[in-house]
Amino acid sequence: MPIRRLDPLLVDRIAAGEVVERPAAAMKELIENALDAGARTIEAAIEAGGRRLIRVADDGRGMDAADLALSVERHATSKIPDGDLTAIATFGFRGEALPSIASVSRLEIRTRTAAAANALKLVVEDGGKSAVAPCAGPVGTRVEARDLFAATPARLKFLKSDRAEASAVADVVRRLALGRPDVRFSFATDIGAGFDWPACGAGETALAERLRQALGPDFAANSLEIDAAREGVRLTGRIGLPTFSRPNALLQYLFVNGRAVRDKTLAGALRAAYLDCLSADRHCVAALFVACAPETVDVNVHPAKAEVRFRDPGLVRGLVVGGIRQRLAEALQRAASTGGSATVLAMRPPAGFRPAAPSGGWDWRNSAAAPALPRGPAAAASFAEPAQRSFAAFAEAPAVAPEGATQAPDPAAPLGAARAQVHKAYILAETPDGLVIVDQHAAHERIVYEALKRQREGRGVERQALLHPVVVDLDPDEAARIEAHADDLAALGLVVEGFGAGAILVREAPAILSQDELPALVRDLAADLAAEDGAQSLARRLDRFLATFACHHSVRSGRPMKPEEMNALLRQMEATPGSSTCNHGRPTFVELKLSDIERLFGRR
């Protein structure tokens with residue numbers, strides 16, 4: 001078959017497949033064009049998920065007749081005034097957006113400059129371009145794309161439902177709006193909910209307000225501001241607390257020089273920064289802005305401009321990971337404020353609930369008939385008695401306490417003073433303005449983990465030789481994985497070697513572990529290695545091992561604790577970075593403000 005040139009319309013439709021694969025991509029291109037035109041107000045609208053209509057109207061500079069006629073030609077753009085692709089300072093630059101959209105829809109453009117007496121209109125349909133004609137219209141540009149992919153039904157079949165496409169378009173508008181808080185954004189749709197966000201100005205206050213508009217007030221109350229810089233690269237924005245996590249990464253917003261991106265380098269760095277705070281099935285909420293010199297980042301590596309390539313990706317990754325970890329460490333024991341509200345909702349009695357009358361028919365109005373309160377070890381302490389009397393039942397508990405167990409209770413401390421232990425698993429502490437419920441195992445697990453990390457970075461994990469080496473039976477594949485990582489484990493004080501098929505011999509172990517814990521520890525390590533498949537850095541692998549060690553050495557649920565032990569645990573939590581979550585990402589405590597408790601009892 002001879003080689004021939006493709007029809008120009010077919011060429012445009014092939015190019016559109018790279019740029020406009022769904023309505024959300026077309027919306028992104030049109031809004032970026034509006035922002036490059038200096039718009040201060042952008043109104044976006046769709047119908048039927050974008051299949052029937054995509055419209056973007058702005059109050060930017062507009063175009064004259066010559067520019068309007070040229071705007072729908074391939075490889076025509078105003079985004080590269082000097083032709084230098086190494087220093088792109090605009091959003092769009094490929095010169096294919098409008099002609100690509102026009103090749104798969106009916107495109108109409110109305111535009112007017114401030115100096116023009118009237119607006120101009122241009123229509124492109126089935127590859128045919130109309131003449132530029134005068135029309136009525138305000139200063140700025142309005143672009144409408146109707147019947148998307150009507151001429152390419154094969155591509156239309158690959159679109160998702162109208163609701164799914166509308167959700168994707170809304171997410172695109174939201175991401176672009178986050179990057180420009182100084183611009184008013186409105187979004188209208190016939191499916192789902194739209195929004196209208198007024199311009200917020202410039203600066204950190206404006207960004208905080210735009211984040212509140214996009215992510216709600218809960219994010220503002222449960223996030224930390226970040227501002228870090230290294231070698232000409234600056235990282236700003238807000239990061240959510242580990243306890244304010246989500247089951248997916250949809251609420252992670254990443255920007256490079258104001259451009260919304262879905263970059264693997266940044267996404268991976270963000271996940272690495274939270275590895276010690278979140279489990280594998282949870283994702284943080286964040287809005288991060290990376291600013292760098294245009295020549296140090298290539299924004300021309302993806303047809304839809306969704307990815308970027310940094311000249312020094314290691315520098316950017318290190319800045320993101322280090323900056324976020326330092327900021328999380330500074331937050332210490334701060335936990336999500338939404339935990340208290342959720343607890344109140346869980347504890348509130350159902351509507352219409354009425355307590356049953358005592359079987360004896362006791363009348364509360366007759367005090368002489370009041371039944372006597374039970375007495376004995378199980379009875380609650382009287383409010384007139386000292387608070388610590390409620391710990392009498394724990395007097396004979398084994399004194400395996402965290403360090404510093406002689407510290408006195410301090411009600412004015414951030415986590416307050418211990419008042420009781422519930423179900424031998426949870427500590428109730430009174431704070432200056434409420435109540436804290438602490439998961440004793442999760443809290444101590446974080447404390448031990450951070451102590452082990454400091455020990456490893458200093459003099460190394462202390463270990464001891466076993467008088468009687470421990471043999472652990474495993475699946476042959478699991479035993480092989482443990483043996484393959486023997487050097488990594490030795491660096492953490494666990495010296496192992498193969499002991500035949502499907503068995504591991506433990507000769508030395510970290511000093512903090514008892515010999516009885518070693519078989520379970522080795523099995524957990526084998527499971528971790530199977531899940532990770534070894535595809536992680538040495539430092540991360542060592543941290544995973546330390547986290548498993550910490551879990552086995554921590555105070556267990558079901559163990560009674562003395563009052564001084566509980567207070568010592570609270571004080572150590574206050575001094576430990578990241579103590580609001582355990583090594584697996586679960587919260588270590590829930591705080592109930594006095595206002596939450598008052599709502600629980602109908603006082604508010």
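The values are calculated or read from the model by the stated rules, or taken from the named source; none is laboratory data. Given the structure is predicted, the values throughout are model-derived calculations rather than measurements. Cβ coordinates were reconstructed from backbone atoms using ideal geometry, including for glycine residues, and neighbour counts include every protein chain displayed.
This table checks each residue for (1) small (Gly, Ala, Ser); (2) part of a loop (DSSP other than H, G, I, E, B); (3) touching a helix residue (DSSP H, G or I) at 6+ places or on another chain (Cβ under 6 Å).
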{"site": "LEU435", "(1), (2), (3)": "no, no, no"}
{"site": "GLU445", "(1), (2), (3)": "no, no, yes"}
{"site": "VAL448", "(1), (2), (3)": "no, no, yes"}
{"site": "ALA451", "(1), (2), (3)": "yes, no, no"}
{"site": "ARG454", "(1), (2), (3)": "no, no, no"}
{"site": "GLY460", "(1), (2), (3)": "yes, yes, no"}
{"site": "LEU467", "(1), (2), (3)": "no, no, no"}
{"site": "ILE482", "(1), (2), (3)": "no, no, yes"}
{"site": "VAL506", "(1), (2), (3)": "no, no, yes"}
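Restricting LEU270, LEU250 to residues that are surrounded by 16 or more Cβ atoms within 10 Å (Cβ to Cβ) and outside any strand (DSSP E or B) narrows the list to LEU270. For ALA304, the conditions (1) buried (at least 19 other Cβ atoms within 10 Å of the Cβ); (2) over 19 Å from PHE244 (Cβ atoms); (3) modelled with pLDDT under 75 are fulfilled apart from (1).
Taken together, the residues in region 551-584 that are surrounded by fewer than 20 Cβ atoms within 10 Å (Cβ to Cβ), over 16 Å from TYR426 (Cβ atoms) and small (Gly, Ala, Ser) amount to 1. Of the residues making up region 222-247, not one is at pLDDT 90 or above, touching a strand residue (DSSP E or B) at 6+ places or on another chain (Cβ under 9 Å) and not in a strand (DSSP E or B).
GLN536 falls short on exactly one of the conditions (1) modelled with pLDDT of 85 or more; (2) surrounded by fewer than 22 Cβ atoms within 10 Å (Cβ to Cβ); (3) not in a helix (DSSP H, G or I), and that condition is (1).
Residues considered: ALA119, ALA45. Of these, the only one that is more than 30 Å from CYS292 (Cα to Cα), more than 35 Å from the chain's Cα centre (by Cα) and modelled with pLDDT of 95 or more is ALA119. Test GLU231 against the stated conditions and say whether it is at positive phi and over 15 Å from the mean Cα position of the chain (by Cα). Here the answer is yes, as GLU231 does meet what is asked. Considering every residue within region 93-114, establish whether at least one is at pLDDT 90 or above and more than 17 Å from ASN33 (Cβ to Cβ). Yes, that holds for at least one residue.
Comparison of THR205, THR236 shows that the only residue that is polar (S, T, N, Q) and touching a residue at least 40 places away in the same chain (Cβ under 8 Å) is THR236. When only residues in region 177-190 that are surrounded by 19 or more Cβ atoms within 10 Å (Cβ to Cβ) and among the aliphatic types (A, V, I, L, M) count, which is farthest from the chain's Cα centre (by Cα)? The extreme case among them is VAL183. Residues of region 189-211 being within 17 Å of ILE42 (Cα to Cα) and assigned to a helix (DSSP H, G or I), which ones? Across region 189-211, the qualifying residue is only ARG210.
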